[in-house]
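The block underneath contains the structure these notes are about, expressed in structure tokens.
The values are calculated or read from the model by the stated rules, or taken from the named source; none is laboratory data. Remember, it's a predicted structure, so these values are computed and weren't measured experimentally. Here the Cβ positions follow ideal geometry from the backbone for every residue, glycine too, while neighbour counts run over all protein chains shown. SASA here: full protein model, heavy atoms, side chains in, ligands and nucleic acids out. Shrake-Rupley method; radii C 1.70, N 1.55, O 1.52, S 1.80 Å.
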Number of protein chains: 2
Amino acid sequence: MAVRARAPGKIILSGEHAVVHGSTAVAASIDLCTQVSLRFPIDSESDDSLIKLQLKDMALEFSWPVGRLKKMLPELGIPQSSTPTPCSPETLKSIAALVGEHNIPEAKSGLAAGVLAFLYLYTSIQGYKPATAVVTSDLPLGAGLGSSAALCVSLSAALLAFSDSVSLDFSHQGWLTFGESELELVNKWAFEGEKILHGKPSGLDNTVSTFGNIIMFKSGNLTLLKSRMPLRMLITNTKVGRNTKALVAGVSERTFRHPDAMAAVFSAVDSISKELSTIIQSHAPDDLSITEKEKKLEELMEMNQGLLQCMGVTHASIETVLQTTLKYKLTSKLTGAGGGGCVLTLLPALLSGTVVDEVIAELESCGFQCLIAEIGGKGLQICFDASS
Amino acid sequence: MAVRARAPGKIILSGEHAVVHGSTAVAASIDLCTQVSLRFPIDSESDDSLIKLQLKDMALEFSWPVGRLKKMLPELGIPQSSTPTPCSPETLKSIAALVGEHNIPEAKSGLAAGVLAFLYLYTSIQGYKPATAVVTSDLPLGAGLGSSAALCVSLSAALLAFSDSVSLDFSHQGWLTFGESELELVNKWAFEGEKILHGKPSGLDNTVSTFGNIIMFKSGNLTLLKSRMPLRMLITNTKVGRNTKALVAGVSERTFRHPDAMAAVFSAVDSISKELSTIIQSHAPDDLSITEKEKKLEELMEMNQGLLQCMGVTHASIETVLQTTLKYKLTSKLTGAGGGGCVLTLLPALLSGTVVDEVIAELESCGFQCLIAEIGGKGLQICFDASS
């Protein structure tokens, strides 16, 4: 009995930082996914049976005997898969003790939090049933591309696929999408996982990862929109680590010092986000050609980048990416918190592959990591393994 | 009988481009000047006597026999130094014919216009009196630093110094300043010269050059303000020629495409200009230390630069200057039209000379020209030559 679930990462197309001050932001899914495959053994179950977590990309494996989990987490004995519940501080403490029994390098604190979320989601949805979960991902970790949300979504979906809360056609061949209410359930569970990973997540990352497409968000409200144009971006990971909290605080301090100027800046970002979402939603044949739409998006990206510079969240590494792509007449903007992290470069549909190769070679020679992604595609998908 | 007049160039501290759309801008004089020395010969005057113009920096000399001017420009026979008058199209045509008799390379079209302005101001204020005018300048030409206005101001002042419209103490030793009404008169004549050079100048450049200090301008209104803090800037001339009209048109087109976003951007610039002028005008001991003021100015410069990027008027050469100075933790913004031209870098009072030397060396190795200037100093000054 096995299932694979895959869920995409996300980028912020416009409005990062300004969204904290009430502006509209637009996020979109990317076709880079985290995949969880979950396999339940056919053998009979005993307290020595294991719940295994394999993180393929890091060549790491963790496992817990079912008996140990029963002892440490008695309160999670009866799976409540239909009612996503926050992890209580006591449970979190017990799970932390379990995770602490494994030797996780301190430098990988995000990893430990990921394992915590795994154990909480696992036991909450599936109880103590032994199984092996294998995680692989196209997404760089901690780069602002929503890798943790993609993990929580794909994991929740794989776990829910075999729960009473979801009814699926197990005979279906190939990738399949959940129904609306199942997606809602996955999204809520993933959000609980994200809370363990991030404290106070906005819910944006897991929502984009679950539903795909594009999402407009403003003052905590998320609106799902349908992307109606193909859009391809080069995502350059500067690999410069950034302190998101410090960057957000820096913008707030600047806003405190220059309230009028910054209010106007946020208002400009709000307009840009609204324009951008209109363009992405409009049907191609309606009015503008793909090339015209791309030109408009590029202009909005350039404007948004200027406004982010005005907020003080750019970084020398980001500027290097901007300068490099500009040489090829390509437009870029930072995505996410800034101060390093990732930069988006729009790749027009008619751009030659040779140019793309050249840009990537030049960026990689600066020590950056380059990924190409389609924007605004599918969200969560699952697939039953026919052989099992 | 000889006089020297010197008049400073200018920089735009904030608000370029946005000022066209109703925002406040702030300009300031720099202690880089154009100097005109004017000497009337003691010999008796004949139609063969010459009016000579020496452009020392370019090693060029032009001269016209007084008789030739009388013939070509009979309408300017009686000097009207007290009433600045626009050059009529007919007069301009006659002067152009006179200038055309000299061989001025086509590439130096700005030079030809400068010679036109010289002849118009000269004959309008001094008639056909033979003399030699020698021009030298610290200012690069056509780099947006107000070199042509500095020429028109210093020339008008030198010519007016020996006219009936101005009464001065010829026995004064050293540099001396005109009175308020004389400055107004100089400024008006210089504006007529600027019209010959630029068609429809805003009057900003000649006003800053005449009065010095800082000037706030909004919707065509100029307000003279008193700078009360020492402020030193590195001015980097990228030497990239730019098309000011095309850049201004580009911003207008972007405003047409994105009216809401751009209105907010212009409003942000307006706030920045107002804050900036408040800081420069405030007495140092009042509230903030010089270092604190510099920090605030740097932040406002960074913000303004971001907004200029948002308007689409930056350029790869400008970004190179920004990146280079950022390495030394210095803040820069473009000044003037953008698209090349000059970039300002604030040099804090406590910055070591070694760092300044290093930055300049690195910028010059990119092929840029570096100048250091004090901001907001004196305007027009004149000096009578004691030996004559």
Distances in nm between the label point of B:Ile42 (7 Å along Cα→Cβ) and its equivalents in the other copies, shortest first, are 12.2
Of all GluC sites (Glu not before Pro) in region A:149-231, the ones in DSSP coil with at most 13 other Cβ atoms within 10 Å are none
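Give the Kirkwood hydrodynamic radius (Å, one decimal) of region A:119-265, defined as one over the mean of 1/r across all pairs of different Cα atoms. Kindly include the intermediate steps, with their values, before the conclusion.
Details: mean 1/r = 0.0558 Å⁻¹.
After inverting the mean inverse Cα-Cα distance, the result is 17.9 Å.
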Taking every other residue with Cβ under 15 Å from the Cβ of A:Pro201 and scoring Lys and Arg +1, Asp and Glu -1, one gets +1
Check: C-alpha center region B:294-316 vs C-alpha center region A:312-388, spacing in Å is 25 Å
Residue-normalised value, i.e. accessible area per residue, for chain A at 1.4 Å probe, in Å², stands at 40 Å²
Each label sits 7 Å from Cα toward the beta-carbon; between A:Gln369 and A:Ile290 the label points are separated, in nm, by 2.9 nm
Whole-percent carbon and sulfur contribution to the accessible surface of region A:275-365 (1.4 Å, no ligands, DNA or RNA) stands at 57 percent
Along the dipole axis of chain A (charges at Cβ: +1 for Lys and Arg, -1 for Asp and Glu; origin at the Cα centre), the most positive-end residue among A:Cys370, A:Leu224, A:Met303 is A:Met303
One finds the C-alpha centres of region A:16-94 and region A:176-236 to be spaced, in Å, by 18 Å
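If one takes the accessible area of chain A alone plus chain B alone and subtracts that of the pair, with a 1.4 Å probe, what total in Å², rounded to the nearest 100, results? Let's see the in-between values first.
On the way: alone 16840 and 16860 Å², together 31290 Å².
Chain pair A/B: roughly 2400 Å² of buried accessible area.
DSSP loop (so not H, G, I, E, B), at most 15 other Cβ within 10 Å: list which GluC sites (Glu not before Pro) in region A:10-113 pass both filters. Could you put the intermediate results ahead of the total?
Numbers: sites: A:Glu16, A:Glu45, A:Glu61, A:Glu75, A:Glu90, A:Glu101, A:Glu106; in loops: A:Glu16, A:Glu45, A:Glu101.
Here the GluC sites (Glu not before Pro) that fit, given the DSSP loop and packing criteria, are A:Glu45, A:Glu101.
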Sorted largest first, the C-alpha extents of region B:232-374 along its principal axes in whole angstrom are 46, 41, 21
Loop-resident trypsin sites (Lys or Arg not before Pro) in region B:290-388 with no more than 12 other Cβ atoms inside 10 Å, DSSP not H/G/I/E/B, are B:Lys329
Honestly the protein assembly as shown on the Cα gyration tensor test (a ≥ b ≥ c root eigenvalues; a/c under 1.5 rounded, otherwise a/b vs b/c for prolate or oblate) is just prolate
One decimal, nm, nearest first: from B:Leu288 to the same residue in each other copy, label points 7 Å out along Cα→Cβ, the values are 4.0
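When Lys and Arg each count +1 and Asp and Glu each count -1, what net charge do the other residues less than 14 Å away from A:Gly174, Cβ to Cβ, add up to? Don't skip to the answer; put the middle values down first.
Numbers: positive: A:Arg4, A:Arg6, A:Lys378; negative: A:Asp169, A:Asp385.
Once all neighbours under 14 Å are counted, the net charge is +1.
Compute the Cα gyration tensor for chain A, then decide on rounded, prolate or oblate, letting a ≥ b ≥ c be the square roots of its eigenvalues: rounded whenever a/c is under 1.5, prolate when a/b is larger than b/c in the other cases, and oblate in all that remain.
Working: a/c = 1.90, a/b = 1.66, b/c = 1.15.
Prolate, because a/c is 1.5 or more and a/b exceeds b/c.
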Going through A:Lys200/B:Lys327; A:Lys245/B:Lys274; A:Lys200/A:Lys239; A:Lys333/B:Lys218 one by one, the pairs whose alpha carbons sit over 26 Å apart turn out to be A:Lys200/B:Lys327; A:Lys245/B:Lys274; A:Lys333/B:Lys218
Cross-link reach from A:Lys56 to lysines, straight Cα distance under 16 Å and at least 8 residues apart if same chain, gives A:Lys108
With -39,500 (n - 2.57) per DSSP H segment of 4 or more residues and division by the full residue count of chain A, the 222 nm estimate, nearest 500 deg cm²/dmol, is -13500 deg cm²/dmol
homo-copy label distances at B:Leu224 (7 angstrom along Cα-Cβ), nm, one dp, ascending, are 6.7
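Is region A:79-158 rounded, prolate or oblate when judged by the Cα gyration tensor, a ≥ b ≥ c being the square roots of its eigenvalues, rounded requiring a/c under 1.5 and prolate requiring a/b larger than b/c? Spell out each step's value before the answer.
Details: a/c = 1.65, a/b = 1.18, b/c = 1.39.
Verdict is oblate for region A:79-158.
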For B:Lys129, counting only lysines whose alpha-carbon sits under 17 Å away and dropping same-chain residues fewer than eight positions off, the answer is B:Lys52, B:Lys70, B:Lys71
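Can you give the longest stretch of chain B with no exposed loop site, where a site means chymotrypsin sites (Phe, Trp or Tyr not before Pro) in a DSSP loop (not H, G, I, E or B) with at most 15 other C-beta atoms within 10 Å? Provide the component values of the computation, followed by the final result.
Working: sites that count: B:Phe170, B:Trp175, B:Tyr328.
By the stated rule (loop sites, at most 15 other Cβ atoms within 10 Å), B:1-169.
Determine the sum of side-chain charges near B:Ser23: Lys and Arg each +1, Asp and Glu each -1, restricted to other residues whose C-beta is under 11 angstrom from that of B:Ser23. Provide the component values of the computation, followed by the final result.
On the way: positive: B:Lys218, B:Lys274; negative: B:Glu16, B:Asp270.
Result for the neighbourhood of B:Ser23: 0.
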Among residues of region A:236-258, a drop of 50 Å² or more in 1.4 Å probe accessible area, assembly relative to the chain on its own, occurs for A:Arg254, A:His258
